[in-house]
Amino acid sequence: MTILRAGFAAVLIVLLAGCASSVRTKISTFHDSSVAVGAGTIRVEPLNDSLKGSLEFGYYKERLEEKLKQAGYSVQTGNTQYVARLDYNVSRREAEQSPSSQIVVATGVGFHRRYSRTGLYFSDNFEKRFEFERLLVLVIADAGKLAAAKANPDAVDETINVLEITARSVGNCESLPIVYEEMLEAIFKDLKRPNGSMQTVKVKGDSRC
């Protein structure tokens, strides 16, 4: 009995270690092929101006700046060639249920509100499960064109952004900081993904979401 318990515990530990510490991130990429990625001076700003000056954005900004440096950019303040604009969000949604999770099978005598009989019975009664979608949006814009667009929106009709990346992960954790570094790692694994591409990147880490 002791051996069986030890064996069961060992298997459980392996399963938990193998599936509880990775974050899968779906990344969509659009870019201007005429602009080199990973070169030039850049500063980080929120895509949503209401986040300026917040401690929350400061946390995300600091880690994004480190990734930009590693990618080859020179991170500065003041006038720069480019502006990295960051936005983020977490939304709660109903988890998709597989058909097998919606069917309860029992042997013997089955009781239902509408009937009772022997043998097998089926019920599609199940509790709804919810999950969280974590979203990161990273836009790298031409700083000069962005400033002109803000000064006079109606006078500018040329493309401002040189790179647009949207990253999504789904899990049980509502807290974005828990998965933020893994999602950033997924984004920066390759900033030169094909234009219009959609890729899923799996990153191991300390997260259990």
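Surface composition of the range 143-209: carbon plus sulfur atoms contribute 44% of the solvent-accessible area (1.4 Å probe, protein chains only, all chains present).
When the residues Phe30, Phe188, Phe130 are ordered by accessible surface, computed with a 1.4 Å probe over the protein chains alone, the sequence from largest down reads Phe30, Phe130, Phe188. Ordering Asp49, Asp206 by accessible surface, largest first, gives Asp206, Asp49; the 1.4 Å probe counts only protein heavy atoms, with every chain in place. Between Ala95 and Ser28, the C-beta separation translates, for a Förster distance of 22 Å, into a calculated FRET efficiency of about 0.50. Extension gain for the segment Thr77 to Ala39, taken as residue separation times 0.36 nm less the Cα-Cα distance, is 12.1 nm to one decimal.
Residue ranking by accessible heavy-atom surface, 1.4 Å probe, largest first, among Ile165, Ile178 comes out as Ile178, Ile165.
For the range 148-191, GluC sites (Glu not before Pro) meeting the loop criterion (DSSP other than H, G, I, E, B) and having at most 13 other Cβ atoms within 10 Å: Glu158.
The values are calculated or read from the model by the stated rules, or taken from the named source; none is laboratory data. If you're wondering where the values come from, they're calculated on a predicted model, not measured in any experiment. FYI the Cβ positions are ideal-geometry reconstructions off the backbone, even for glycines, and counts take in every protein chain you see. The area values use the complete protein model at the heavy-atom level, side chains included, leaving out ligands, DNA and RNA. Shrake-Rupley method; radii C 1.70, N 1.55, O 1.52, S 1.80 Å.
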